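Below is the structure I would like to discuss, written out as structure tokens.
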Amino acid sequence: MGYATFYRVLSPRQLNVMIQAFSLVCIFFEGYDQGVMGGVNSSPRYVTEVGIGEPDGTVTNTTHQGGIVSIYYLGCIFGCFGGGWLADRLGRINGLLIGAFFALVGGALQAAAQSSDFMLVARVVTGVGTGALTGIAPVLVSETSTADHRGAFLGYVFIANYLGISVAYWLAFGLAFINRGYSDIRWRFLLAFQCVPALILLLFIKMLPDSPRFLASVGRYSEAQEVLNRIRCHKASQSEIDLEYKNIIATVEEGKSSSPVQFAKILIGKGGKPGANLGRRAWLCVWLQIMASWTGIT
């Protein structure tokens, strides 16, 4: 049994749990990265290492400090778009693999940072990885979940976001007691810890199969049907699985005629089926995310 076909020895329930678990790891990484810089910026040794303040931890260059924190989100933007492109061409699993690679490299570079310029580059690299992971993981969950459980599964996955934030804060709290807070471990370990979930993904994500929808979109129909059978047969009848497979094929065929131009038309209310109001729905989703971020955290 090969590494990439390991999923075939799992029961349907075990396979679904594994898909959820790896998706949780992806979103945990995002949450941890959201919360980690609060503890890092509180470390006097970090402040002096990157040249943004005094030895007692007083920050004198708040503009540079803010730039180091926020440039990560610039990387996330590129990671989201690049990850979506990779997921459509190389597959959801390969997209997550590449995202995990960027996340691991970026985390290691941050932990080894020697200057503010070093840190800026490391933050961008990490952001690219995070953007790819958080853009692809929910797609994998939604494409492998049944309609009646999809919302709940996505909700469970995003609980990991808050778990990651909490772990970052509690680690920062505990490490602040080392050498009265004047220790490189206080900030370097915080940044190095994010490599753990990234390494787990890099080593084991290929054990999962790709989603039936992606497999069908690239003409691998027999594999798509096999994977769909494996993730559904414990809860659905064969006739229900066959019907879902036919719907996937129909959706894939319909999607082949779409393009970036069609997506742009939807955003301005000119595309989609008559009466579908796809433009309004798209903008509702966009502004929901924007307004959530305006609260100070995603």
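Just so it is clear, none of the values below were taken in a lab; they were calculated from the coordinates. Predicted, not measured: the structure shown is a model, and the values here were computed from it. Here the Cβ is made from the backbone with ideal geometry for all residues, glycine too, and neighbour counts use every protein chain on show.
Testing the spin-label approximation: label points 7 Å from Cα along Cα→Cβ at Tyr162 and Glu240. State their distance in nm.
Result for the modelled spin labels: 3.0 nm.
What number comes out for the charge environment of Ala100, summing +1 per Lys or Arg and -1 per Asp or Glu over other residues with Cβ under 15 Å away?
Net charge in that neighbourhood comes out at 0.
OK, next. Mind pulling the angle between the C-alpha long axis of helix 116-144 and the longest principal axis of the chain? Nearest 10 degrees, somewhere in 0 to 90.
On a 0 to 90 degree scale, this one is about 20.
A further question on this structure: Diagonalise the Cα gyration tensor of segment 211-256 and give the resulting equivalent ellipsoid semi-axes, square root of 5 times each eigenvalue, largest first, whole Å.
18, 11, 7
Would you mind computing, in nm to one decimal, how far apart the modelled labels at Tyr182 and Asn229 are, each placed 7 Å from Cα along Cα→Cβ?
With each label placed 7 Å out from Cα toward Cβ, I get 6.8 nm.
Considering the chain as a Gaussian network with a 10 Å cut-off on Cα pairs, which listed residue, Lys206, Lys235, Lys265, attains the greatest mean-square fluctuation?
In the Gaussian network model the winner is Lys265.
Further question: What ³J(HN,Hα) values, in whole Hz, does the Karplus curve 6.51 cos²θ - 1.76 cosθ + 1.60 give for segment 7-22 when θ = phi - 60°, with x put for Gly and Pro?
Rounded to whole hertz, the list is 4, 6, 8, 8, 6, x, 5, 5, 5, 5, 5, 5, 4, 5, 5, 5.
Suppose every K and R has +1 on its Cβ and every D and E has -1 on its Cβ; what is the size of the dipole of the chain about the Cα centre, in Debye to the nearest 20?
Dipole size: approximately 540 debye.
A further question on this structure: Can you order the peptides 283-289, 236-242, 135-141 by their average number of other Cβ atoms within 10 Å per residue, highest first?
Packing order, densest peptide first, comes out as 135-141, 236-242, 283-289.
Right, here's the next one. Counting Lys and Arg as +1 and Asp and Glu as -1, what is the net charge of the other residues whose Cβ lies under 15 Å from the Cβ of Gly181?
Local charge sum for Gly181: 0.
With θ set to phi - 60°, apply the Karplus curve 6.51 cos²θ - 1.76 cosθ + 1.60 along segment 159-170 and write out the HN-Hα couplings as whole Hz, x wherever there is a Gly or Pro.
4, 4, 4, 6, 5, x, 4, 4, 4, 4, 5, 5
I've got another one for you. Output ³J(HN,Hα) for segment 30-43: one whole-Hz value per residue in order, computed from phi by the Karplus curve 6.51 cos²θ - 1.76 cosθ + 1.60 with θ = phi - 60°, and x for Gly and Pro.
4, x, 4, 5, 5, x, 5, 6, x, x, 5, 5, 7, 8
Ignoring everything except DSSP H segments at least 4 long, calculate the 222 nm mean residue ellipticity for the chain; use -39,500 (n - 2.57) per segment, divide by total residues, nearest 500.
Rounded to the nearest 500, the figure is -24500 deg cm²/dmol.
If you don't mind, another one. May I ask you to derive the relative contact order of the chain, considering only C-alpha pairs under 8 Å and at least 6 residues apart, and to give it as an integer percent?
Here the relative contact order equals 25 percent.
Let a ≥ b ≥ c be the square roots of the eigenvalues of the Cα gyration tensor of segment 80-207; is it rounded (a/c under 1.5), or, if not, prolate (a/b larger than b/c) or oblate?
The shape class here is oblate.
Here is a further query. Can you give the angle from 0 to 90° between the axis of helix 221-232 and the longest principal axis of the chain, with both taken from C-alpha atoms, to the nearest 10?
That works out to roughly 70 degrees.
Answer rounded, prolate or oblate for the chain, using the Cα gyration tensor with square roots of eigenvalues a ≥ b ≥ c: rounded when a/c is under 1.5, else prolate when a/b is larger than b/c, else oblate.
prolate
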